[in-house]
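Trainee: This is the structure I want to talk about, given as structure tokens.
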Amino acid sequence: MEEQVKIKACMHIGGEWIGEELNSKNVINPANGETVGSFPIGGEKETQMAIDAAHRAFETWSEITAYERAGYLKKLYHLMLENQEELAQTMTLEMGKPINESRGEVVYAATFIEWFAEEGKRVYGETIPSHVGAKRLQVWKKPVGVVAAITPWNFPAAMLTRKMGPALAAGCTVIMKPSGESPLTAVKLMELCEEAGFPKGVVNLVTGSSSKITKTLMEDERVRKITFTGSTEVGKILIRQSADQVKRLSLELGGHAPLIVLDDADIDKAVKGVMASKFRNAGQTCICANRIYVHAGVYEAFIEKFAEQVGQLKVGDGMDESVAVGPLINQSGLEKVSHHVKDAVAKGATVVTGGESIDSSNGVFYKPTIVKDVDASMVVMQEETFGPVAPVQKIYSDEEAIKLANSTPYGLAAYIFTENVARGTKLIEKLNFGIVGWNDGAPSAAQVPFGGMKESGIGREGGHEGMDAFVESQYVSIGME
Ligand code: SIN
């Protein structure tokens, strides 16, 4: 497998693989500390080249039909599925996700390409009834232009395709900038784009210095749109940097998801939901449950069943088929998780299971953990943990659940578990979150809008709103006299 991820040059600009001569950075497997590959450290010059290439390609790519563009995207979709195993192994080796989850992510990622290939055919304009007889009023739709897609390490394939799919289908050209922690999956995807036959410059890949690449993208007026998944902190920087040229922005930022279990919930369903939400990708997911609020009437029963399930999770190297929870991405991720648990315990919480890192020669592992009797004073209930820690707080009413859930600047995802339709509906109406899973711990899909309220972002990815993000409306008033 090592051969497959060792790459000579991994930037792809204007149809050429470049960057072999540049300094490179190693990609480290967080499960064992081994080097799994390296990528060139590109900067201003390479980013400028990518912008030139994408800008040139935009002229023709935006003019061919949506049906032709769908043809390329469909080829990419099939290639992703044919190469599922190689993509999945690359992903697991570079960022630690259990191999079965990586396989699932490849399919999830591919569905964005397929869905938007079709949706591109439905970018309809409008004819609006005129107030006078001698005019025809229309709305035409135009691709926004060159798009820069800046993506995180935690979903190395799906976060790219959720952006590339609609951008390419709409007629935009794309510059991908993957995270330095997990760029190799993007390189594999780029190889598949090449195999799918996308014309030169339509899809480009730059790797390297995030600050230099982003600065160059931001300062060049030919880049019309930035689409970013990552932290709220970086999102705010991008908002400021985009102001001078009023660049279009889609931002999918941090989350701090509440998961509420009411006293009429089906406890088995709730435990299944929290397991799916909390421990996916070792808790390193923007939408994973980060604060669990359980009604006093079912608190002990829930914790007992939850602990039983968590105790069975096997932790280890994601390449082992039987592993359910892989490593954290790096040492600072581990330190954050450990700090959250220690702070909670120091302030009176109790560890039900886990609560410590796992000794491993070079891997970065933390035991799947439940901490009970937490409260709002604890860091674990105030910040995104991004790790396999489930803090559980006892609540006494729906009103308390709503108040606690909304008491955060974030508004990405929330989960509720109740069998009562009226109660669930009222609760959701009061929750300020862009995504709500009701008796469902895994709400993501290509055809639905994914994104957050408040400081969790701007805009939506996926679904028809995900396409709108790459299209401008042009109102045309036609005088008929
Ligand atoms: C994320 O962490 O933002 C991605 C999660 C998902 O798409 O389900």
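The values are calculated or read from the model by the stated rules, or taken from the named source; none is laboratory data. In this text the structure is predicted, and so the values were computed from the model without any measurement. So basically every Cβ, Gly included, is an ideal-geometry build from the backbone, and we count neighbours across all protein chains shown. Just so you know, the surface numbers come from the protein's heavy atoms only, side chains and all, with ligands and any DNA or RNA stripped out. Shrake-Rupley method; radii C 1.70, N 1.55, O 1.52, S 1.80 Å.
Trainee: Quick one: in the stretch 132-152, of everything that is part of a loop (DSSP other than H, G, I, E, B) and more than 23 Å from Thr227 (Cβ to Cβ), which residue is least open to solvent (accessible area, probe 1.4 Å)?
Mentor: To start, the set of residues in the stretch 132-152 that are part of a loop (DSSP other than H, G, I, E, B) comprises 132-134, 144-145, 151-152.
Pick out the ones that are also more than 23 Å from Thr227 (Cβ to Cβ) and you get 132-134.
On the way: Val132: 66, Gly133: 69, Ala134: 30 Å².
By that ranking, first place goes to Ala134.
Trainee: Out of the residues in the stretch 56-78 that are among the aromatic types (Phe, Trp, Tyr) and touching a helix residue (DSSP H, G or I) at 6+ places or on another chain (Cβ under 6 Å), which is least open to solvent (accessible area, probe 1.4 Å)?
Mentor: It comes out as Tyr77.
Trainee: Can I ask one more? Just to verify a result, which residue in the stretch 454-474, among those that are in a helix (DSSP H, G or I) and within 16 Å of the ligand (Cβ to nearest atom), is surrounded by the fewest Cβ atoms within 10 Å (Cβ to Cβ)?
Mentor: My answer is Glu465.
Trainee: Which of (1) in contact with a Pro (Cβ under 7 Å, 6 or more places away or on another chain); (2) not in a loop (DSSP other than H, G, I, E, B) does Pro156 not meet, given it meets every other one?
Mentor: With respect to (1) in contact with a Pro (Cβ under 7 Å, 6 or more places away or on another chain); (2) not in a loop (DSSP other than H, G, I, E, B), Pro156 is out only on (2).
Trainee: Now, a different point. Would you check if there is a residue in the stretch 115-123 being closer than 23 Å to Ile226 by Cα, in a helix (DSSP H, G or I), in the same structural domain as Ala186 (by TED's automatic domain parsing) and within 16 Å of the ligand (Cβ to nearest atom)?
Mentor: Looking through the stretch 115-123, at least one residue is closer than 23 Å to Ile226 by Cα, in a helix (DSSP H, G or I), in the same structural domain as Ala186 (by TED's automatic domain parsing) and within 16 Å of the ligand (Cβ to nearest atom).
Trainee: Quick one: would you say Leu81 is crowded, with 22+ Cβ neighbours inside 10 Å and touching a residue at least 24 places away in the same chain (Cβ under 8 Å)?
Mentor: So Leu81 does not fit the description; no.
Trainee: Let me ask something else about it. Would you point out the residue of the stretch 426-453, among those that are in a loop (DSSP other than H, G, I, E, B) and away from the ligand (no atom under 16 Å from the Cβ), that is least open to solvent (accessible area, probe 1.4 Å)?
Mentor: The selected residue is Leu431.
Trainee: Enumerate the pairs (first residue in the stretch 24-38 and among the small types (Gly, Ala, Ser); second residue anywhere and assigned to a loop (DSSP other than H, G, I, E, B) and open to solvent by 40 Å² or more (accessible area, probe 1.4 Å)) with beta-carbon separation below 6 Å, excluding pairs fewer than 6 apart on the same chain, so at least 6 apart or on different chains.
Mentor: So the pair list comes out as Ala31/Asp317; Gly33/Asn362; Gly37/Lys6.
Trainee: If we keep just the residues of the stretch 153-184 that are open to solvent by less than 10 Å² (accessible area, probe 1.4 Å), among the polar types (S, T, N, Q) and within 14 Å of the ligand (Cβ to nearest atom), which is nearest to Pro327 (Cα to Cα)?
Mentor: Going through the qualifying residues, I end up with Asn154.
Trainee: Pairs only if they're at least six apart or on different chains, beta carbon under 6 angstrom, first in the stretch 206-228 and within 20 Å of Ala170 (Cβ to Cβ), second among the polar types (S, T, N, Q); list them, first residue then second.
Mentor: That search, which allows pairs on different chains as well, returns Glu221/Gln245; Thr227/Ser250.
Trainee: Could you list all residues from the stretch 179-204 that are of a type in the set (Asp, Glu) and not in a loop (DSSP other than H, G, I, E, B)?
Mentor: Glu191, Glu194, Glu195, listed by residue number.
Trainee: Okay, moving on. Just to verify a result, which residue in the stretch 271-303, among those that are open to solvent by 10 Å² or more (accessible area, probe 1.4 Å) and among the charged types (D, E, K, R), is nearest to the ligand (Cβ to nearest atom)?
Mentor: Restricting to residues being open to solvent by 10 Å² or more (accessible area, probe 1.4 Å) and among the charged types (D, E, K, R), the top hit is Arg280.
Trainee: Continuing with this model, one more query. For the stretch 361-381, enumerate the residues that are in contact (Cβ under 8 Å) with a residue 60 or more places away in the chain and open to solvent by 20 Å² or more (accessible area, probe 1.4 Å).
Mentor: Scanning the stretch 361-381 gives Ser361, Asn362, Lys372.
Trainee: Between a residue in the stretch 269-280 that is farther than 14 Å from Pro258 by Cα and any residue that is among the charged types (D, E, K, R) and within 14 Å of the ligand (Cβ to nearest atom), which pairs come within a Cβ distance under 7 Å, given they are 6 or more apart or on different chains?
Mentor: Between residues of the stretch 269-280 that are farther than 14 Å from Pro258 by Cα and residues that are among the charged types (D, E, K, R) and within 14 Å of the ligand (Cβ to nearest atom), the close pairs are Arg280/Glu101.
Trainee: Filter the stretch 304-332 for residues that are outside any loop (DSSP other than H, G, I, E, B) and open to solvent by less than 20 Å² (accessible area, probe 1.4 Å) and give the result.
Mentor: Phe306, Val310, Val325
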